[in-house]
Amino acid sequence: MIHIAICEDNDADMAHLRSLLCQTKILCDFTEYSNAEPMLLDMENGQKHFDLFLLDIFLPGQNGVETARRIRRLDEIHTQLASELFVRCHKSFIVNLLYVSKLTREGFYVGDTLIPISRTHAAGAKNIYYKRLFGVFQEY
């Protein structure tokens, strides 16, 4: 299933996009937002994960272009870091495994600071951590 975020402040345009998506034969679900901030908060808090973004260019507050840049920023940072040391554990967090003191159900601890792990990234992040911890890390 493809998870789609629609960020559109015009009701008529939102209804048109909704109609188009419902007519497709692609298995998808979509979440509607009238501005970018609630969508970004849902993503940063790990409440939502999207595979596709339909962003209006002219939005109140942060426009669609700025929103797209903000979404890409963390992805770009993650790809530039050494993959064997850094792991993406949340839409808003990348953790350096050298500083992780423990792993719990809620997330990684760096000292006394909890770095949450979202459901989307849980399996991959924990797998990389355990491979690093037990010395059998292999780059995929």
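Which angle from 0 to 90°, rounded to the nearest 10, does the C-alpha axis of helix 119-133 make with the longest principal axis of the chain? Rounded to the nearest ten degrees, it is 20. Spin-label pair Arg73-Asp11: with each label point 7 Å from Cα along the Cα-Cβ axis, the two points sit 3.3 nm from one another. Short-range pairs are left out: with C-alpha atoms under 8 Å and at least six residues apart, the relative contact order of the chain is 20 percent.
Here's the list of lysines a cross-link from Lys102 could span, going by alpha-carbon distance under 17 Å and ignoring same-chain residues fewer than 8 apart: Lys126, Lys131. Taking Lys and Arg as +1 and Asp and Glu as -1, the other residues whose beta-carbon sits under 11 Å from that of Arg18 total -4. In percent, rounded to a whole number, the relative contact order of the stretch 31-72 is 42, using alpha-carbon pairs under 8 Å and six or more apart. Residue separation of Asn96 and His3 scaled by 0.36 nm, minus their Cα-Cα distance, works out to 30.6 nm of gained length.
In this simple spin-label model, placing a label point 7 Å from the Cα along the Cα-to-Cβ direction at both Asp51 and Gln80 gives a separation of 2.9 nm. Tilt of helix 11-23 relative to the longest C-alpha principal axis of the chain, in degrees (0 to 90, nearest 10)? With rounding to tens, the tilt is 70 degrees. Look at the Cα gyration tensor of the stretch 11-73: its axes a ≥ b ≥ c give a/c of at least 1.5 with a/b at or below b/c, and that counts as oblate.
Comparing the chain with the 2.2 N^0.38 Å rule of thumb, its C-alpha radius of gyration ratio is 1.23 (two decimals).
The numbers here are math on the coordinates, done by the rules we state, and not lab data. These numbers come from a predicted model, not from an experiment. For neighbour counting, all protein chains shown are included, and Cβ atoms are generated from backbone atoms with ideal geometry for every residue, glycine included.
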